[in-house]
Amino acid sequence: MTDSPRKIIIDTDPGQDDAVAILLALGSPEDVEVLGVTAVAGNVPLALTERNARIICELAGRTDILVFAGCDRPLTRKLVTAEYVHGKTGLDGPQLADPTMPLQEQHGVDFIIDTLRHEPPNTVTLCPLGPLTNIATALQRAPDIIDRIEQIVLMGGAYFEVGNVTPAAEFNIYVDPQAADIVFKSGIPIVVMPLDVTHKALTTEERVQAFRDMGTEPGRMVAEWTDFFERFDMHKYGSNGAPLHDPCVIAYLIRPELFQGRQINVEIETQSELTMGMTVADWWGVTDRPANAMFMGDVDADGLFALLSERIARL
Ligand code: RIB
Ligand code: CA
């Protein structure tokens, strides 16, 4: 008897790498059931992230997916976006038609709260792929849901890889450090996919060619999105390909054995502007602070891309 698929809510700021993560989820119905997609301001403003989320679901042939708009700015800080990486639309690369599927009326945060209140306790996993504003707002507005969340598997943070938007901080955490602080102190079981892992998931030429060789519209789109968004990081890091961050979150739900990490203490810098948004990870256990997060350090990158190719080819 195979386990039933895990119920998840994807919270996202598409972003080409978010798009690949969402396609992986929608190509894996036996492993994950997407209850809804909530957009948040991050890579680009909310009006674009919610539009992009609908474009991605339509590309996967899943106009039935419920897409919601969430928060349009961080809890307290000014919104910082990343058009320099993702382009003006957030999904630059291929030409994209406007979406036709509807955006849900309900606010994304209310959808998260209602879903967690109605689904049986500890049966829904939250998968944040962008700043944690929607998640933290939901926890603040409805503390009763904290004990009902099965797990939070998120992309964010960095330790050995240090920051990508400042010398100390990774983008998702940097955009809303106060939100991240609330989530990391919530006591909810958290799995973190930091840059330490995602910088090992590089879009090499042969991996991108595998998407192109699918001969499908999703495969072509993923290849063209990758061709666009990898140019910034390849120039910056001089690497053979760019890190494909967000799909690590969904791949963990499907094949956790692809990843290695440690259950350690992770706290968020929210005071100093110099290190604002840094994930202070006690990787070597030098404090007695509570081990609040499974912080990943390694990934089988070939296995990850084999999974991506297998599942996206299904769409
Ligand atoms: O730092 C990488 C993260 O920031 C990814 O989630 C990317 O999509 C951007 O949101
Ligand atoms: Ca993202």
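The values are calculated or read from the model by the stated rules, or taken from the named source; none is laboratory data. Because the structure is predicted, anything quoted here is derived from the model rather than measured. In this analysis, Cβ positions are derived from the backbone assuming ideal geometry, glycine residues included, and neighbour counts consider all displayed protein chains. Just so you know, the surface numbers come from the protein's heavy atoms only, side chains and all, with ligands and any DNA or RNA stripped out. Shrake-Rupley method; radii C 1.70, N 1.55, O 1.52, S 1.80 Å.
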Self-check item: Subset of segment 238-247 that is touching a residue at least 24 places away in the same chain (Cβ under 8 Å) and more than 15 Å from ligand 2 (Cβ to nearest atom) - its residue that is most open to solvent (accessible area, probe 1.4 Å)
Solution: Asn240
Quiz item: For segment 59-79, does any single residue satisfy the condition of being touching a strand residue (DSSP E or B) at 6+ places or on another chain (Cβ under 6 Å) and open to solvent by 10 Å² or more (accessible area, probe 1.4 Å)?
Solution: yes
Quiz item: Residues of segment 121-151 being of a type in the set (Ser, Thr, Tyr) and assigned to a helix (DSSP H, G or I), which ones?
Solution: Thr133, Thr137
Practice problem: Please identify the pairs in which a residue from segment 148-170 that is in contact (Cβ under 8 Å) with a residue 40 or more places away in the chain and more than 16 Å from ligand 2 (Cβ to nearest atom) has its Cβ atom under 8 Å from the Cβ atom of a residue that is among the small types (Gly, Ala, Ser) and in a loop (DSSP other than H, G, I, E, B), counting only partners at least 6 apart or on another chain. | Solution: Thr166/Gly277; Ala168/Gly277
Quiz item: Out of curiosity, is Ala158 more than 24 Å from His235 (Cβ to Cβ) and of a type outside the set (S, T, N, Q)?
Solution: no
Self-check item: In segment 248-279, the residues that are assigned to a strand (DSSP E or B) and surrounded by 15 or more Cβ atoms within 10 Å (Cβ to Cβ)
Solution: Phe259, Gly261, Arg262, Ile264, Val266, Glu267, Ile268, Thr279
Practice problem: Find the residue count for segment 199-237, including only residues that are touching a strand residue (DSSP E or B) at 6+ places or on another chain (Cβ under 9 Å) and in contact (Cβ under 8 Å) with a residue 60 or more places away in the chain. | Solution: 4
Quiz prompt | Number of the condition not met by Phe305 [criteria: (1) part of a loop (DSSP other than H, G, I, E, B); (2) within 18 Å of the chain's Cα centre (by Cα)] | solution = (1)
Quiz item: For segment 118-170, how many residues meet the condition of being within 15 Å of ligand 1 (Cβ to nearest atom), open to solvent by 10 Å² or more (accessible area, probe 1.4 Å), of a type outside the set (A, V, I, L, M, F, W, C) and more than 20 Å from Leu244 (Cβ to Cβ)?
Solution: 2
Quiz prompt | Single condition Gly187 does not satisfy, out of (1) open to solvent by less than 40 Å² (accessible area, probe 1.4 Å); (2) on the phi > 0 side of the Ramachandran plot | solution = (1)
Quiz item: Hey, does segment 133-144 have a residue that's among the small types (Gly, Ala, Ser) and in contact with a strand residue (DSSP E or B) (Cβ under 9 Å, 6 or more places away or on another chain)?
Solution: yes
Exercise. Collect the residues in segment 171-182 that are within 15 Å of ligand 2 (Cβ to nearest atom) and over 20 Å from Ser239 (Cα atoms), keeping them in residue-number order.
Key: Asn172, Ile173, Tyr174, Val175, Asp176, Ala179, Ala180
Quiz item: If the Cβ limit is 6 Å and pairs must be 6+ apart or interchain, which residue in segment 97-116 that is within 13 Å of Ile9 (Cβ to Cβ) pairs with which residue that is assigned to a loop (DSSP other than H, G, I, E, B) and open to solvent by less than 60 Å² (accessible area, probe 1.4 Å)?
Solution: Gly108/Gly70; Val109/Gly70; Ile113/Ala142
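Each row is one residue, and each column tells you yes or no for (1) part of a loop (DSSP other than H, G, I, E, B); (2) surrounded by fewer than 19 Cβ atoms within 10 Å (Cβ to Cβ); (3) within 14 Å of ligand 1 (Cβ to nearest atom).
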site	(1), (2), (3)
Asn172	no, no, yes
Gln178	no, yes, no
Asp181	no, no, no
Val192	no, no, yes
Val208	no, no, no
Thr226	no, no, yes
Phe229	no, no, yes
Quiz item: In segment 145-169, which residues are closer than 21 Å to Gly277 by Cα and in contact with a strand residue (DSSP E or B) (Cβ under 7 Å, 6 or more places away or on another chain)?
Solution: Ile152, Val153, Leu154, Met155, Gly156, Gly157, Ala158, Tyr159
